[in-house]
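*Asks:* Here it is, the structure in full.
Taken together, the values in this text are just the output of simple stated rules run on the coordinates, not laboratory data. Quick caveat: nothing in here was measured; it's all calculated off a predicted structure. Here Cβ is always computed from backbone atoms with ideal geometry, including for glycine, and neighbour counts include all displayed protein chains.
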Amino acid sequence: MIEFLQEWWPGLSTVNKIYWAIAIPATLIFVLQTILTLVGGEIDGDVDFDAEGEGAFGHQFFSIKNFVAFFTIFGWTGIACTDAGMGVMSSLIISFFAGLLMMVLMASVFYFISRLTSRGNLEIKNAKGATGEVYLTIQAKRGNIGKVSILVQGSFRELDAITDDDQDLKNGMVINVKDVINGNLLLVSKS
């Protein structure tokens, strides 16, 4: 193996040596990052050049993971291009754009993955207009605070409710949410 390397390395052109010198360490770091990501480890620190803040694409673009991916693809594409007989400038341009494309793809993946997260906070105003069921009796004309079970933000919730109806709303009755009062109390009516 060592004899092969001693014959192979000096036989490479300067451009190929540069591509190999970039591809091998970048690939090793890329594989290490991938393994650590799969087992829950982390060796990434984002370099944030984005002034817009959360939700903008830039904060996902300039990161260590993306730079490692760029150099990995850049190196291997350069090796493939020079082995295919392309000139130095052609292989450099193709390698650069292949690396850039990889950065864009990785930034897109991380951006869209981050958009999948859920805060889990209930925005009670989203209950307005929802249909639900009385859980604990609600007395007529705001006589007491009862409870209703409604689907809000994709999950069933039991929330406090009052009614302006003339009759009590008994357990199991279907109701509609008319309004949200004081930010945490539902005004409901028989459906």
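*Asks:* Using only the Cα atoms of the chain, what do you get for the radius of gyration and for Dmax, in Å?
*Replies:* That works out to 30.1, 95 Å for Rg and Dmax.
*Asks:* Here's another thing I want to ask about it. Which trypsin sites (Lys or Arg not before Pro) from the stretch 86-191 combine a DSSP loop assignment with at most 15 other Cβ atoms within 10 Å?
*Replies:* Counting only loop positions with at most 15 other Cβ atoms within 10 Å, the trypsin sites (Lys or Arg not before Pro) in the stretch 86-191 are 119, 128, 170.
*Asks:* Right, something else. When the dipole is taken about the Cα centre of the chain, and only Lys, Arg (+1) and Asp, Glu (-1) are charged at their Cβ, what size is it in debye, to the nearest 20?
*Replies:* Magnitude of the dipole: close to 600 debye.
*Asks:* What is the calculated FRET efficiency for residue 108 to residue 83, with r their C-beta to C-beta distance and R₀ = 22 Å, to the nearest 0.05?
*Replies:* 0.15
*Asks:* Okay, moving on. Show me, bin by bin at 5 Å from 0, the whole-percent P(r) of the stretch 96-135 based on Cα pairs.
*Replies:* Pairs per bin, as whole percents: 5, 17, 12, 13, 11, 9, 8, 8, 7, 6, 3, 2, 1.
*Asks:* Where a Cα-Cα gap under 24 Å defines reach, which lysines qualify for residue 178, not counting those fewer than 8 residues away within the same chain?
*Replies:* 125, 128, 141, 147, 170, 190
*Asks:* Separate question: Hydropathy first: keep DSSP H helices in the chain averaging at least 1.6 on Kyte-Doolittle, then drop any whose Cα extent along the axis falls short of 15 Å, and list what survives.
*Replies:* The answer, listed by residue number, is 88-115.
*Asks:* Only four residue types carry charge here, +1 at the Cβ of Lys and Arg and -1 at the Cβ of Asp and Glu. Report the dipole size of the stretch 124-190 about the Cα centre in Debye, rounded to the nearest 20.
*Replies:* 120 debye
*Asks:* Computed FRET efficiency, Cβ-Cβ of residue 13 and residue 35, R0 41 Å: what is it to the nearest 0.05?
*Replies:* 0.80
*Asks:* Something else about it: Pulled fully out, how much extra length does the chain show between residue 156 and residue 122, if you take 0.36 nm times their separation in residues and subtract their Cα-Cα distance?
*Replies:* The span from residue 156 to residue 122 would gain 11.1 nm if fully extended.
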